[in-house]
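Below: one structure, written as structure tokens.
The values are calculated or read from the model by the stated rules, or taken from the named source; none is laboratory data. As the structure is a prediction and not an experimental result, all values here were calculated from the model. With ideal geometry, Cβ positions are generated from the backbone for all residues, glycine too; neighbour counts draw on all protein chains shown. Ligands, DNA and RNA are excluded from the accessible area calculation, which covers all protein heavy atoms including side chains. Shrake-Rupley method; radii C 1.70, N 1.55, O 1.52, S 1.80 Å.
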Amino acid sequence: MFPSFPFAVLFTDDSERPYQLIAKFDDPELASYKALFDRYSLSDYRVSLVDTTILIVKKQASSLLDYLEFDEEGYWLDMSIEHEPVLPLFISAVCPIFQDLILLETYVRQVADEHKV
């Protein structure tokens, strides 16, 4: 397992946000993630990958939020990072939570509970 798993780190030609982290949770090798997100989704609401990631960042390294830009489509989570020093901080603070499905589930559950009617 590489340190940024389940995120792939890409380098872009965007000088303002040169780093991109992407996780495609609908890929077969990440099926356990998709199953986790589906388990906590309601009939009219799918657990937001952005909301889950923001919650993790807030609890682990809230200063990162100023340097991240989020996008989500279906089971794809795409983040852009503004400054190079933010990348290792994200990897060390956030990726371990995503690598531990039991721990990740506590965050997913919290996001799902906030959206229950």
Against the longest principal axis of the chain, how steep is helix 101-114, in degrees 0 to 90 to the nearest 10, with axes from Cα atoms? 70 degrees
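To the nearest 500 deg cm²/dmol, what mean residue ellipticity at 222 nm is calculated for the chain from DSSP H runs of n ≥ 4 alone, each contributing -39,500 (n - 2.57), summed and divided by the residues? If you can, show how the numbers build up before the last one.
Details: 5 runs with 49 residues, N = 117.
Mean residue ellipticity at 222 nm (helix-derived): -12000 deg cm²/dmol.
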Surface per residue (accessible, 1.4 Å probe) for the chain, Å²: 55 Å²
Between region 1-79 and region 94-117, how many Å separate their Cα centres? 12 Å
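Quick check: at a probe of 1.4 Å, how many percent of the accessible area of region 1-96 sits on carbon and sulfur atoms? Spell out each step's value before the answer.
Working: 2680 of 5200 Å².
In region 1-96, the share of accessible area belonging to carbon and sulfur is 52 percent.
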Roughly what would the spin-label model give for GLU69 and ARG39, points 7 Å off Cα along C-beta, in nm? 3.5 nm
tail above 22 Å in the computed P(r) of the chain, as % of all Cα-Cα pairs, reads 29 percent
Assign unit charges at the C-beta atoms only (+1 for Lys and Arg, -1 for Asp and Glu), then state the dipole size of region 66-117 relative to its Cα centre in Debye, rounded to the nearest 20. 320 debye
Zone of LEU101's modelled label, taken as backbone nitrogen in region 2-43 under 18 Å from a point 7 Å along Cα→Cβ: 2, 5-7, 23-41
